[in-house]
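Shown next, in structure tokens, is the structure this report addresses.
What follows is calculated from the coordinates using simple rules that are stated; it is not laboratory data. The structure presented is a predicted model; accordingly, all values stated were derived computationally and were not measured. Virtual Cβ from ideal backbone geometry, glycine too; neighbours counted across all protein chains shown.
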DNA sequence: GAGATATGTCAATAAGGCTGACGTAACGGA
DNA sequence: TCCGTTACGTCAGCCTTATTGACATATCTC
């Protein structure tokens, strides 16, 4: 431990005992910590938590989303989802309609109230993003998007790409 | 809602009703989702959760960290911290030593076992980062670091910069 | 010596996640 | 038409991680 300047190993491609990328690991932690804390005050005003935010966000972004797709996005169990989803429906932020081709499905749609809250929740996050772009430039934002995308599980990248960039209404109504 | 191609507003600087940056919002969510799931399997082998991981990580990175500093990093209450910290100490992953200048402080140090586990936990995350760099290049990684850093609360950036880049042993021993 | 600080602890509670088991309705193919 | 599968809901119990509030102890600082 003492004696910090040990011999520098010859920089090989993917050397086995290279220092982990603690900078990425930690900046991701700190950025996410502050990022998700933005909407918290608004959420507590409605008696909601971060779980409600995530559900409302994706339903708002993908009107007509099915339960199964939402479970796949959030990576939680249907029991966990159901509790928060039920509250969002009861309080009038999300509507369920039976699927048209497959009536077993419950397609999820935001109500006007739901869209409004989703927008309000995204606002402080968007402001944070805009301040960051002001600091470090649009090129860094685009590079960050590429990097974050590459950090996603390979099997899931196509799915995420469709969700993020191919968004919009898809089913029902 | 219907009639998707409404008039495109003239692109002003910070126009008030511009579309929020859903791409950043969502890619941050998905990248973080997969990123934190990496160490989960290892953690359950030890009976630990993600809270233990966070504590062990920062103690390992900043040997001699105080409780107060750790609370400030994690943004949780001392009661929450204490439970997981106690378990890490009892199981021999972290050691406490009284501060030298201020004996009220309990300085936290990783044991050899703690350093080893911290390294094991960082490995899958580091591999994910390396794969991402292979995909999109070192320049994008550096841009992503700048962008993530700019996403942190302004008041906290100096502190985080010291933590991330000015790391190393600081106190005691 | 007195007040402030750093930390520990007890107790109660809440949010958000899990597993397991079971029920219902609808789809889809033999 | 029957039957297995799928999509979803629900009941019950449990765990982890967080919270608030109150109080205790040791130490620092003035």
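A few remarks follow.
- Cβ-vector label at 7 Å, residue B:100, separations to other copies in nm: 7.3
- The protein assembly as shown shape via C-alpha gyration tensor axes, a/c threshold 1.5: prolate
- Label points for residue A:40 are taken 7 Å from Cα along Cα→Cβ. From this copy to the others they lie 2.2 nm apart, shortest first.
- Cα gyration tensor shape for chain A, rounded if a/c is under 1.5, else prolate or oblate: prolate
- Label-to-label distance, nm, for residues given as residue B:18 and residue A:42 (7 Å Cα→Cβ offset): 1.8
- Between the alpha-carbon centres of region B:64-127 and region A:70-96 there is a gap of 36 Å.
- Degrees separating the helix B:22-37 axis from the principal Cα axis of chain B, which is the longest one: 30
- Mean per-residue shielding of peptide A:134-140 is 5, counting Cβ atoms of other chains within 10 Å of each Cβ.
- Rounded to 10°, Cα long-axis angle of helix A:78-90 versus longest principal axis of chain A: 50
- The calculated 222 nm mean residue ellipticity attributable to helices in chain B amounts to -19000 deg cm²/dmol, summing -39500 (n - 2.57) over DSSP H runs of n ≥ 4 and dividing by all residues.
- Cβ-vector label at 7 Å, residue A:153, separations to other copies in nm: 3.2
- Inter-chain Cβ neighbour count for B:119-132, averaged per residue, equals 4 (cutoff 10 Å, partner chain atoms only).
- In this simple spin-label model, placing a label point 7 Å from the Cα along the Cα-to-Cβ direction at both residue B:116 and residue B:161 gives a separation of 3.8 nm.
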